[in-house]
1. Report the relative contact order of the chain, percent, no decimals, based on alpha-carbon pairs under 8 angstrom and at least 6 residues apart.
2. With each label point set 7 Å from Cα along the Cα-Cβ vector, what nm distance links VAL475 and THR187?
3. If you find the alpha carbon centre of region 528-547 and of region 274-311, how far apart are they in angstrom?
4. Under the rule a/c < 1.5 gives rounded, and otherwise a/b versus b/c splits prolate from oblate, where does region 182-433 land using the Cα gyration tensor?
5. With +1 on the Cβ of every Lys and Arg and -1 on the Cβ of every Asp and Glu, and nothing else charged, how large is the dipole of the chain about its Cα centre, in debye rounded to the nearest 20?
6. Output the peptides 395-403, 453-461, 248-256 sorted from most to least packed, where packing is the average of other Cβ atoms within 10 Å over each peptide's residues.
7. How large is the dipole of region 316-423 about the Cα centre if only Lys and Arg carry +1 and Asp and Glu carry -1, each at its Cβ, rounded to the nearest 20 debye?
8. Using mean Cβ contacts within 10 Å as the protection proxy, how do 58-64, 314-320 order, highest first?
Amino acid sequence: MSQTEAMLMTLSDVAALAQVQRPVVSMWRKRSSGSLHPFPNPVALKGRLELFDPDHIAAWLTDTGRGNNREAANDVAAFTRMPGTTADRTGENTLDTLTALLTLKAMTGNSLAQLSTEELLDAADECDPDDTFLYSEIEAGGTSITSTAAYADRLADSAYNDAAAFEHLLAGRFREGLKEYSATALTDSAVELVASAAVELAATLGGNRVFADSTRGGSDLLLGVVHAAGEAAPATFLTADDDGGSGRLARRRLRVHGVDCGQIHLDPSGEFAVQGPVVHVAQYPSPGESVMNGIQILETVEQLLLQMDDQQRAVIIAPARVLCDSPMDVGLAALRGDLLRIGRVRAIVRLPQGLLRAKPREAQALWVMGPSLADNPSAGRWTMVADVSTQDLTEDVKQDLVSDVIASMGTGAMVRAHAFRFARLMPTQQLLASKSLVPAPPHSSVGMPTGAEAALRVEELGRLLHSGASPALQVVTTHNNMANQAASIQRLMTYGTLKHIKGNRVAEADLNPQKGARALGPADLLDPHNAPHRYIGLMDLAANYPASRLTQPGDVVFCTSPRPAATVDAHGGSVVIFPAKVLRVDAADPGGLLPCVVASDINSISPTDKVWRRWRLRRVPEVQRGKLGDTLDRLQHEQEQARQRLRQLQEVATLITDGVASGSLTLIDPNTNLADPQTKGTQ
C-alpha cells in the first residue's frame, strides 16, 4: 500500500475539508467542468461511491480559492478515509496497523516516515516487549508498513497531534462499517455522565484513585474518566487482559493519550478479582462482546457484583430493557431480582434515548453500586431510582443527577438530608415486586401552586370573570394527595380502563376542505384553533378504507411527534389520521380517568418524551368526576366565546384601519355624532 493508495476522499469529505455544505461541492464540480481548473476526476470506486486523491483536491482548492478553509492543503490528511482494503487485508486490520503506528509515534516522540521496516519493528519491540497492544499489529503491516507509517505521520500532522489523529481514525468506524467498534459507541454526553459519576465516587473513597473497566475492549468510558479526572491527583487505570482485537485497541487508545494502564486477569468464565478501593466503569454490551442478550448482560454484571466489597463502587450503563424496564423474559426478571437482593445496587437511573449511536431509539440505564445493604433487615433496604428519560443531558442535569447518585451511597440519615432533584427512594421490597424498576416521574405542572394558593387564585379569577351567565367558581382546600394514584398508560390499558386505537391511513388526496366527517391529524392537535379543517366523505371512507373507524364522543385524540399533543373529540364521528392515535376511556369502568384531564396531562408532557405508553395520567376521585367534567365543559365553552369575540375585535380593527387609511370610512365623535367636515369618505 503506497501513501497515495492510503489517502482517498469522498465528496462528503471534500465538503468537510472545505467547510461547506455537501451540495456546494457538487455545484463546484458541475460548473468547473469546462473551465481552466476542472474539478479533479475520481481515482477509484467503492461500489458506487467515487473516491478522490486528496492531494489533487487540496491543489484544486488552493488554485481556485474555493471553500472556507485556507489551511486545506495542511489539513487534508485529517479528512481522508481510512485506507482501503486489499486482497489479503481488511479494513479492521488497516485500522489496527494505523492505530499501532500512531501509538508508537506518541510513545517514541519521533517521526516514523524515515524508519525502515526493521527499525519500525525494533521500536515496536522496545515499546511493547510483551506484545500486549501494538507489536503484532505493526508486524502484520508487512512490506507496506513504511508507506503506512508515512501516512500515519501526515495524518498526525494534519490532526495536530497523535491522539487527535487516533480519535479521527476511530470516528471513521461508523462510515467504514466496522461493526465491532461502532455498534457499542456512546454519545459524548453519555460518556461524560458516567465519567463524572465515577470521578465523584472515587473522591468519596479517599486515597489514590483507581478506575477499572473489566469489559472486553471497553475504552470509551475509561478515556472519559481520564478527561474528567484531570491531572489534579494521580490515578491508576486498569483494563481487562483480553488479547482480542478490541482489547488491544483499548490499550493502544489509552497509551496514545499518555495513560499507562495495568491489567485485570479475566478467567475464561469471566471471573476476575480487584483488591482495594476502586471504581469500576462498564458498558454492556462491550466492543469485544457486541452481541449479548439480556441474560448474558446480567450474568456479566453478576460477576462484577460478586467480586466487589464495601470499598468499591461501580457505574454501569446498559440497555434500559435489561436494567430497569418491564422484562419480556421470566428468566431475565428472576436474575435481575437476585442481583437486587445482593444489596449493592444503590441507584437505578433510566436515561433518555439517543445515547447509543448505532441504536438511537434504544434507551439506556445506569446501575450505580456500592456498599452492601444485605445486613439490613429486608424492610429497611432501599434503592434510589430516577427517570431522566425526558430530559436533555445538559450540564446542569448531569451535575444534579451525579449529586443525587453520590447521595445514594450514604447512610439512611444522609440520604434523607439530601434534596434530590431527580431521584426518589424506593423500598427494595417494593422494587422487587415491580415489573418496571423505575416508574415514570409523577405528573406535575411547572410552578403548580399549593392547594391553599390555588383556592385563593380560583376565587379571585372567579370574581374577575363573574357575569350573569357565569356563576363564580367555588372550591375548598383538601389534604388528600392524589399524586400517588397516577398510573402509566400501559398499566391503565392492562387494567382495561383505557383502550388504544390506531389512526387510519388515509391518502391526502381523499381529504377535502368542506364536507364529510372531520379528519383529525397531528396538525389539528398541535394548532387546534388555527389549523384548517379537513373532511372526508363517508361514502369515500367506506369504499376506500373499509377497515377505518370513527371516534366516539369523549375519545382523546393524540400524537407524539413533533411533540405530544392531545384534544378531546367531544362529539365523536371524526376520522383520526395516522400517525395520530386514540385513547378511549371505558365508560363502564373509567377508573378515575376523565378525558379532559387525560388530554391536559398529554399536553404537558415534555417535547422529548415520545414513549407514550410510559406517560402517567392523573385519576380523579369518583365523586369529583362529574363536577369537574361539567365545570371544564362550561369553561371550554366560555373560552370558545372569548376566542370568537377576539376574532370579531380583530376583524373590526382591520376594517376600521383599512377604511380610514384609504378614505372610505370616517370616524365620528360618539358624543356629537358629527364628523370632521373636511374629511371625505363614507360613514
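No value in this document is a laboratory result; all are computed from the given coordinates. The structure presented is a predicted model; accordingly, all values stated were derived computationally and were not measured. When we count neighbours, we look across all protein chains shown, and the Cβ atoms used for this are built from the backbone with ideal geometry, even at glycine.
1. Once normalised by length, the contact order is 7 percent.
2. Rounded to a tenth, the inter-label distance reads 3.7 nm.
3. Taking the Cα centre of region 274-311 as reference, the centre of region 528-547 is 55 Å away.
4. Rounded.
5. For the chain, the charge dipole is close to 3280 debye.
6. 248-256, 395-403, 453-461
7. 200
8. Top of the packing list down: 314-320, 58-64.
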